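Visitor: The following block contains the structure, expressed as structure tokens.
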Amino acid sequence: MAKKEARTDLWVYDLLKDAEIELDPQGSSIKEIDDALKTASKKGTGHVGFPEYVGVVKDFIIVIEDKPKTDKHKLLNGTVISLEQSAVVDYAVNGALYYAKHLARNTTYKKVIAIGVSGDKKKHKISPLYIDDTEYYRELPDVESFISFNEKNIDEYYTKEVLKEDTNTEKELAEILRDAAELHEDLRNYGNLKDIDKPLVVSGILLALNEIEKKSFSIDNLVGDTVETDGQKIYKAIESNLKRVNVQPQVKLDKILSQFAIIRDTQILNEINDTLGETPLKYYAKFLYEKIFKSIKYTSSSEDYLGRFYGEFMSYSGGDGQTLGIVLTPKHITELFCDQIVDKLA
């Protein structure tokens, strides 16, 4: 069990690193928090107690408790999260909530985000809670990463998920439809692309954008070079992303990659356009990053948003995309069927 716990701790550390969040393991470098933890024992002894990770982002304390197995994720007492000693010790969410309440009560920080994490990279649950100075808690939607809690995003996350107010980056359906129409027109005007090729360019660039947080792709590096073209750079990023998500066997990877060769090999996409002052590929990448990618990444409603954009975008091609072999299956549907298959094989 100790090895499994260590693996989970390291995986959580990697998630924090990817999100560019610095928290302290097993203690705190902030004196006020460290002093409060000296009486935070989960066993109720009044002695020292340390969560897996704790620290401050802006004016929020973030506290994380993790467990190696998902069956130790959360224990309810009726409809509320149990704070009985055994539950606090044995369950990730319960332990995180316990520490969060203690810190809200014993520090000057009055906004605390507690995160219970269980499992590993392949199968896991990540559940955030919000605790204020009244020790009231609110369960928030599960997440897949910690990116929402870094310095750049945490205020917006608080506004949207805790205060339930509209944020500047939320889009109405009308705006989604406008973006889809605009992009479809730009693909034709600047890339001279056929309807059947437009979804490949869009989906390929979205795959490449996933590599930004891995530092293996940057829109700024799309400079219209003739030695290594923008298309070659995007194609390499697509290949990296497909390998990162472990697309196998090799023949399948090669077949998928071949579909995106249009990005690498189409001359007009890789030449600097006089009107744009940059290559069409860079223009599309910037458009997709600002208007689509940032709005669907790391959000619980990303399938609805992307599905609406996709449906509207494909309607300009005279169909729903299925004739092109493109079908968007929501994540919660794929996970349901995967769970059913696993249950039958177990």
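The values are calculated or read from the model by the stated rules, or taken from the named source; none is laboratory data. Because the structure is predicted, anything quoted here is derived from the model rather than measured. For neighbour counting, all protein chains shown are included, and Cβ atoms are generated from backbone atoms with ideal geometry for every residue, glycine included. Accessible surface is based on the protein model in full, side chains and every heavy atom, while ligands, DNA and RNA are left aside. Shrake-Rupley method; radii C 1.70, N 1.55, O 1.52, S 1.80 Å.
Visitor: How many nm separate the modelled label positions at Glu213 and Lys286, each set 7 Å beyond the Cα in the direction of the Cβ?
Guide: Label at Glu213, label at Lys286, 2.4 nm between them.
Visitor: Could you compute the FRET efficiency for Val251 and Arg188, with r as their C-beta to C-beta distance and R0 at 35 Å, rounded to 0.05?
Guide: For R0 = 35 Å, the calculated efficiency reads 0.55.
Visitor: Please list 108-118, 47-57, 69-79 highest first by mean number of surrounding beta-carbon atoms within 10 Å per residue.
Guide: In decreasing order of mean packing, 108-118, 47-57, 69-79 become 108-118, 47-57, 69-79.
Visitor: So, one more: Show me 144-151, 176-183, 82-89 ranked by packing, highest mean number of other Cβ atoms within 10 Å first.
Guide: Listed from highest to lowest mean packing, they are 144-151, 176-183, 82-89.
Visitor: With r defined as the distance between the Cβ atoms of Asp18 and Asp274 and R0 fixed at 30 Å, what FRET efficiency is calculated, to the nearest 0.05?
Guide: In this case the efficiency is close to 0.15.
Visitor: Once the piece of chain linking Glu151 and Glu175 is laid out straight, how much longer is it, given 0.36 nm per residue of separation minus the C-alpha distance between them?
Guide: Value of the extension gain: 5.9 nm.
Visitor: How many percent of the accessible area of region 1-69 is carbon or sulfur, using a 1.4 Å probe?
Guide: Solvent-exposed carbon and sulfur of region 1-69 make up 52 percent of the total.
Visitor: Considering only protein heavy atoms, what per residue accessible area in square angstrom results for region 42-200 with a 1.4 angstrom probe?
Guide: Accessible surface, normalised per residue, equals 49 Å².
Visitor: Accessible area per residue for region 210-300 in Å², computed with a 1.4 Å probe and the full protein assembly in place, what is it?
Guide: Averaged over the residues of region 210-300, the accessible area is 55 Å².
Visitor: Based on the mean of other beta carbon atoms within 10 Å per residue, what is the order of 237-245, 224-232, 198-206, most packed first?
Guide: Top to bottom by mean Cβ count within 10 Å: 198-206, 237-245, 224-232.
Visitor: How many percent of the accessible area of region 174-216 is carbon or sulfur, using a 1.4 Å probe?
Guide: Carbon-and-sulfur percentage of accessible area, whole number: 49.
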